[in-house]
Amino acid sequence: MKAFIVDRYGKASGRLGQMPEPELRPDDVLVEVHAAGVNPLDLKIRNGEFKLVLPYRLPLILGNEAAGVVLRVGPRVQRFKAGDEVYARPDKGRIGTFAERIAIDQADVALKPNTLGMGEAASIPLVALTAWQALVERAKLQRGDKVLIHAGSGGVGTIAIQVAKHLGAAVPTTTSSANVDFVTSLGADVMIDYKKDDFEKNLRDYDVVLNSLDGQTLRRSLNVSNHAAGSSRSPARRIRRSRKRWD
């Protein structure tokens with residue numbers, strides 16, 4: 001089958017070539033890929049930034065999320081059948097959505113909503129799981145909490161704003177002036193133009209900060225926590241970006 005292959009780590013690596021058909025395990029779903037999401041994570045893997053913690057065997061097929069149609073299922077699969085439209089984020093040890101077909105454990109697959117096209121669905125799994133893990137599983141966000149979400153118009157930010165508002169949190173976000181209307185439509189309560197304003201001078205006593213940017217932004221974010229501001233409340237739950245089964 002055709003696939004995008006990395007033969008060696010490096011910024012200039014990667015080629016379109018032929019790879020063997022996926023092996024279908026008892027709990028697997030074989031998916032014909034109609035669309036795949038491209039993320040900074042794929043570039044980092046290609047460049048070898050994770051080779052010490054994720055020793056992939058090369059040649060490697062890149063790709064961490066996809067949408068498509070089920071072709072076949074393993075003997076222990078009961079939730080899916082041939083013909084189902086699905087989307088998925090394969091386990092970190094079994095990535096490879098930049099291919100015509102991929103075998104994915106049924107636990108990492110979900111039925112695609114009818115309201116989403118294949119391209120839209122393929123763009124959701126990685127960022128949505130990142131936002132859910134960070135806000136729900138890690139930070140245990142509660143109604144009435146205040147959470148600063150950086151880069152609200154980015155992939156993670158757009159989902160995180162909606163999750164946080166669904167949970168009843170107050171949500172300011174950093175964005176550019178060009179995206180104010182967009183993040184407002186997602187539910188953000190306060191918009192801070194990162195090009196003009198210093199968020200740490202305008203915000204105080206926050207419970208959670210979701211940082212999907214860099215270390216400098218993380219350090220500056222400590223200044224908006226309820227602990228750093230001298231509040232009697234417990235220290236802010238400061239979190240960085242996480243992914244399903246990544247930690």
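In table form, for the structure just shown:
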item	result
Neighbour cut-off at most 16 other Cβ (10 Å), DSSP loop, trypsin sites (Lys or Arg not before Pro), the stretch 43-85	LYS51, ARG57, ARG76, ARG79, LYS81
Leading residue at positive end of dipole, the chain (Cβ point charges), from PHE98, LEU222, GLY144	LEU222
Computed magnitude of the charge dipole of the stretch 32-117 (debye, nearest 20; Cβ of K, R +1, Cβ of D, E -1)	240 debye
Which of THR130, MET1, VAL86, positive extreme of dipole for the chain (C-beta unit charges)	THR130
Mean separation of Cα contacts under 8 Å (6+ apart) over length of the chain, as relative contact order %	16 percent
Solvent-free Debye scattering, log10 I(q)/I(0), computed from the Cα coordinates of the stretch 69-204 at q = 0.13, 0.16, 0.17, 0.19 Å⁻¹	-0.67, -0.88, -0.94, -1.06
Rounded accessible area per residue of the chain, 1.4 Å, Å²	51 Å²
Gain in span if fully extended, ALA12 to LYS196, counting 0.36 nm per residue against the direct Cα distance	62.7 nm
Accessible area in the full protein assembly, largest first, 1.4 Å probe, for TYR206, TYR194, TYR9	TYR194, TYR9, TYR206
Relative contact order, percent, the stretch 84-175 [alpha-carbon distance under 8 Å, six or more residues apart]	24 percent
Simple Cβ-charge dipole of the chain, Lys/Arg +1 and Asp/Glu -1, about Cα centre, in debye nearest 20	640 debye
Sparse-neighbourhood loop sites, GluC sites (Glu not before Pro) in the stretch 17-59 - DSSP loop, at most 16 other Cβ within 10 angstrom	GLU23, GLU49
Restraint check, LYS44/LYS165; LYS51/LYS92; LYS11/LYS51, Cα-Cα greater than 19 Å	LYS44/LYS165
At R0 = 35 Å, FRET efficiency that the Cβ-Cβ distance of ALA107 and ARG143 yields, to 0.05	0.75
Most to least accessible of LYS2, LYS201 (protein chains only, probe 1.4 Å)	LYS201, LYS2
Distant alpha-carbon pairs in the stretch 24-83 (separation over 12 angstrom), percent	72 percent
Label-to-label distance, nm, for residues given as LEU54 and TRP132 (7 Å Cα→Cβ offset)	1.9 nm
Per residue Cα convex hull volume in Å³ - calculated over the chain	143 Å³
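The values are calculated or read from the model by the stated rules, or taken from the named source; none is laboratory data. Predicted, not measured: the structure shown is a model, and the values here were computed from it. Reconstructed Cβ throughout: ideal geometry from the backbone, glycine too, with neighbour counts over all protein chains shown. Just so you know, the surface numbers come from the protein's heavy atoms only, side chains and all, with ligands and any DNA or RNA stripped out. Shrake-Rupley method; radii C 1.70, N 1.55, O 1.52, S 1.80 Å.
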